[in-house]
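K.L.:
One structure is given below, represented as structure tokens, and several questions about it will come after.
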Amino acid sequence: MRFVQKSHLLFFFLFLYSKVWTQKCEAFIFQQRSNLPSGIRLNTGHNHGYRHRTNLKRFPRGGQTGIVSPTTLLPSTSDLKLALASEFGATTTFDNGPFLQSTLVFAGANLLGFLISLVTGSHLHLDLLGTGTFALASLPVLLSDNCSNSRILVSSAAVVTWSVKLAGFLFFRALKVKTDGRLDDTLSTVSGTFGFWLISFVWGVICSLPHTLGGTSSGSGSSISLTLGGILYFLGLATESMADYQKWVFKTNHPGKFCNVGLWGVSQHPNFFGNLLLWSGIFIMNCDSLIEHSVSDGRGILSYLWSSRRLFVAFLSPLFMWTLFSGQANGSITNAVELAHKKYGNDPKFREYLETVPKIIPNVIRWLKQLFYLPK
């Protein structure tokens, strides 16, 4: 008998709890759906996810006469999910428009670069268009409805700063050296030129995924992720910028010699390492906002993986960059390694340098000491 009484009491509380939740959901749905100008009737047919009741009532709303009462509507499943998600603070929405527009910007810029290469055969515009397009591709994100989001503003500023800085430096270098010997053979044929700009397009789209996909989300992200990503971005930008500057000064003062000073003494490609760091930082800035924080039909691993699909796609950026830089450092993608051996292969210091200095990722302590000029 006591068990029956307790069961009845349990069912009573469950019923009461469900009624409270139903009222909360209906109140939220009504708040979201009834903010219409006076005189506009809300369609309550099945096309809007509601089951129609016949007795519509009039009620005051903001000093005006409304049309629909919350008692006249029953929430659909999708509206119930929206209400629950709002109750838990999870109202992130996604709009793929900025991502698609950024992709079109990359396509147009690289098509222009391909045509210029065919007509002129010049190397001056290669990095100006290839790298500078990242700044232009950030415009759709900045002009989106989420532009007031502090995460998107920081991420956009990071991409634009890197793009303008690197494109400006590479264009300045191109004006000085006129041509890039590593690309002479590649750009000597139509197929090679097409392949170069196709890779440039793929590189732009994949590399920028953390930012362009992050721009599709209305989520503000995590302050911890934004801080950690910002620190990593700063370290990467400083590393890449200092490495480029050190090598330019060294080559200017010591033509015909290989650079092994500063950051180039702790990594054979510190500029690659800096680029990896800064894009990993942009990925971390946006990672939280790439996950769909919503009430789902299932709670299993498949549901979690599906809600995190944008995060996994964005991770292709650092993964692709690592593959690209590793191929360049090993000589499997470009002939840079072959050209370096032809220039410096007879120098025993160069051979020792190749054997003792890491190709890309340096010793962390030695790297930080060189970056911040700390005493050894």
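K.L.:
Please give the FRET efficiency for K349 paired with L111, using the beta carbon to beta carbon distance and R0 = 41 Å, rounded to the nearest 0.05. Spell out each step's value before the answer.
P.N.:
Values: r = 45 Å, r/R0 = 1.09.
For K349 and L111, the calculated efficiency is 0.40.
K.L.:
Tell me the trypsin sites (Lys or Arg not before Pro) within the range 131-207 that lie in a loop according to DSSP and have at most 13 other beta-carbon atoms within 10 Å. Write down the numbers at each step before the final one.
P.N.:
Values: sites: R151, K165, R173, K176, K178, R182; in loops: K178.
Of the trypsin sites (Lys or Arg not before Pro), the ones in loops of the range 131-207 whose Cβ has at most 13 other Cβ atoms within 10 Å are K178.
K.L.:
Filter the trypsin sites (Lys or Arg not before Pro) in the range 267-358 down to the DSSP loop ones having no more than 16 other Cβ atoms within 10 Å, then list what survives. Kindly include the intermediate steps, with their values, before the conclusion.
P.N.:
On the way: sites: R299, R309, R310, K342, K343, K349, R351; in loops: R299.
For trypsin sites (Lys or Arg not before Pro) across the range 267-358 that sit outside H, G, I, E and B with at most 16 neighbouring Cβ atoms in 10 Å, the list reads R299.
K.L.:
Considering the dipole of the range 181-283 built from charges on the beta carbon (Lys and Arg +1, Asp and Glu -1) around the Cα centre, which of W203, F234, G192 is farthest to its positive end?
P.N.:
F234
K.L.:
Related question: What pairs in K342/K369; K165/K349; K178/K369; K165/K247; K176/K369 have C-alpha atoms more than 26 Å from each other? Don't skip to the end; give the middle numbers.
P.N.:
On the way: K342/K369 32 Å; K165/K349 32 Å; K178/K369 35 Å; K165/K247 16 Å; K176/K369 31 Å.
Cα-Cα > 26 Å for K342/K369; K165/K349; K178/K369; K176/K369; rest within.
K.L.:
Residues with beta-carbon under 15 Å from that of F171, excluding F171: net charge, scoring Lys, Arg +1 and Asp, Glu -1? List each step's numbers first, then the result.
P.N.:
Details: positive: K165, R173, K176, K178; negative: D127, D180, D244.
Result for the local shell: +1.
K.L.:
Quick check on the range 162-288: take the gyration tensor over C-alpha atoms, sort the square-rooted eigenvalues as a ≥ b ≥ c, and tell me if it's rounded (a/c under 1.5), prolate or oblate.
P.N.:
oblate
K.L.:
Could you tell me whether the range 100-183 comes out rounded, prolate or oblate from its Cα gyration tensor? Rule is a ≥ b ≥ c as square roots of the eigenvalues, rounded for a/c under 1.5, then prolate if a/b exceeds b/c, otherwise oblate. Walk me through the intermediate numbers first.
P.N.:
Numbers: a/c = 4.39, a/b = 1.83, b/c = 2.40.
Oblate.
K.L.:
If I model a spin label as a point 7 Å beyond the Cα along the Cα-Cβ vector, how far apart are those points for T334 and S218 in nm?
P.N.:
4.3 nm
K.L.:
With each label point set 7 Å from Cα along the Cα-Cβ vector, what nm distance links T93 and W248?
P.N.:
Each label point is offset 7 Å from its Cα along the Cβ direction, giving 4.5 nm.
K.L.:
For H341 and S191, FRET efficiency with R0 = 22 Å and r from the beta-carbon atoms, rounded to 0.05? Before the final figure, lay out each step's value.
P.N.:
Values: r = 27 Å, r/R0 = 1.22.
Once rounded, the FRET efficiency stands at 0.25.
Quick note: the coordinates plus some simple rules give every number you see, no bench work behind them. Owing to the predicted nature of the structure, the values given are computational and were not obtained by experimental measurement. All Cβ positions, glycine included, derive from the backbone under ideal geometry; neighbour counts span all protein chains shown.
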